[in-house]
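This report refers to the structure that appears directly beneath it.
The values are calculated or read from the model by the stated rules, or taken from the named source; none is laboratory data. This is a predicted model, so every value here is computed, not measured. Don't worry about glycine lacking a Cβ; one is built from the backbone with ideal geometry, like all the others, and counts go over all protein chains shown. The protein model used for the area step is the full one, side chains on, heavy atoms only, and it has no ligands, DNA or RNA in it. Shrake-Rupley method; radii C 1.70, N 1.55, O 1.52, S 1.80 Å.
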Amino acid sequence: MEPLTIGAFARASRLSPKALRLYDELELLRPARVDPDTGYRYYAVSQLERARLVAWLRRLGMPLTEIRAVSALEGADAAREVRAYWARVEAETAARRDLAAFLVDQLTAESGRDHTDMLELRYAARADRGHVRAVNQDTVYAGRRLLAVADGFGPAGAPASGAAVDALRFLDETEELRAGSVLNLLEDAVRGASEAIRDLGDGGHGGDDSGATLTALLWTGSRLALVHIGDSRAYLLRDGELFRVTHDHSVVQSLLDEGRLTPEEAAVHPQRTLLLKALGGATAPVPDLRLQEARAGDRYLLCSDGLTGVVPDGRIAELLAAAAQPADAVEALIDAANAAGGPDNIGCVVADATAVPGAGPTA
């Protein structure tokens, strides 16, 4: 069959001649023949399938480097890579959507909220060594404004988790916390926490190989500001239903997001403890930040993976719903983790959002 000129091939593949010349230079889609005298490019009809795939992947927004890798694969393997790419796009879009919602909320807050119920937190916190670990490297904190759990790792894991929580403690005494600025405060505090953990290494405490996760909620009066990094978690029990508020920054979670693992495979994956983000590295990681609307009757749980690694979400929901008080919930959750073998330290914070007695809505 006669080769196609670059113009004919462009029309058939829905790629412009300019794009075809670029893909030739990048060795993504080389012509079948180049005229040695004129330099004119000719393409084989058999190249149309690959060219059309490239065109569709570009419409998806896939970077050229990834397109090169995908287009070199066979059908099933290529499909898996496209699925993984789109999962990452959806995750990034969701993060931008949350940011857009936050900005809209802030811009309309003054005019859109005339009345706010007066709420307060009732809370309990405890960290348990578990049955296997020699030391407890989890640090928990609960106060009238701040709830936090940090899970340390490495030789200086315990000081690292303590430093992470200590960097946020001043927020518990900060008055006049405004929702519009509280996320900036939390981001700055995370930067300070990461620096404090790095200082452990400078002081000869083994901090070079140490770090910590951090999940914290800061009460602003009607909303909770979340900061999260690592694989500790925050949950919300509302109207009897459990919602997971955070997203793990772990290798296994990324593989789940990309469709490369099933939940059953993730539970036994050899890299399930590897983190993509944690405090204490060479540079301060970018944390997840968001505002969480609170209602009277909400119950929040912050916990380390010493709980979630051995107690399934369904059982966590049951124990949270059955406990009369936050302290009862904390004890029940830690007991459940230890009953499942207690292979890791267990840090739990439980807090209830309750109406202030005798206080009605404020204008």
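Just need the relative contact order of the chain here, percent rounded to a whole number, with Cα pairs under 8 Å and 6+ apart.
Normalised by residue count, the contact order of the chain is 20 percent.
For a quick check, take a GNM of the chain with Cα springs below 10 Å and name the residue from VAL286, VAL45, VAL70 with the largest mean-square fluctuation.
Of VAL286, VAL45, VAL70, the Gaussian network model singles out VAL45 as fluctuating most.
Please give the calculated 222 nm ellipticity per residue for the chain, where each DSSP H segment of at least 4 residues contributes -39500 (n - 2.57) and the sum is spread over every residue; nearest 500 deg cm²/dmol?
On the way: 12 runs with 153 residues, N = 363.
Taken over the chain, the calculation gives -13500 deg cm²/dmol.
Going by Cα centres, the range 279-323 and the range 20-98 are how many Å apart?
40 Å
Give the residue from GLY75, LEU53, ALA212 lying farthest towards the positive end of the charge dipole for the chain; charges sit on Cβ (+1 for Lys and Arg, -1 for Asp and Glu) and the dipole is referred to the Cα centre.
About the Cα centre, the residue reaching furthest to the positive side is LEU53.
Using a probe of 1.4 angstrom, how much of the accessible area of the chain is carbon and sulfur, in percent?
On the way: 9460 of 18270 Å².
The computed percentage sits at 52.
Highest GNM mean-square fluctuation, the chain, Cα pairs closer than 10 Å: which of ALA87, ALA32, ALA336?
In the Gaussian network model the winner is ALA32.
With a 1.4 Å probe and all protein chains left in place, how much accessible area per residue does the chain have, in Å²?
Values: 18270 Å² over 363 residues.
That works out to 50 Å² for each residue.
Put VAL330, VAL251 in order of accessible area, largest first, 1.4 Å probe: what do you get? Write out the running numbers ahead of the final one.
Details: VAL330 5, VAL251 30 Å².
These residues rank, largest area first, as VAL251, VAL330.
Among LEU168, ALA100, MET1, flag the residue with its Cα farthest along the positive direction of the charge dipole of the chain, charges on Cβ as +1 for Lys/Arg and -1 for Asp/Glu.
MET1
Over the Cα atoms of the chain, what Rg and Dmax result, in angstrom?
Over the chain's Cα set, Rg and Dmax evaluate to 26.1, 91 Å.
Rank LEU256, LEU147, LEU64 by mean-square fluctuation in a GNM of the chain with C-alpha springs under 10 angstrom and give only the top-ranked residue.
Maximum among the listed residues: LEU64.
Give, rounded to the nearest 20 debye, the magnitude of the charge dipole that the chain has about its Cα centre when Lys and Arg contribute +1 at Cβ and Asp and Glu contribute -1 at Cβ.
Once rounded to the nearest 20, the dipole reads 1300 debye.
Quick one: which residues, 5 or more positions from MET118 or on another chain, have an amide H under 5 Å from its amide H? H modelled 1.01 Å from N in the peptide plane, none for Pro or chain starts.
Long-range HN contacts for MET118: VAL356, THR362.
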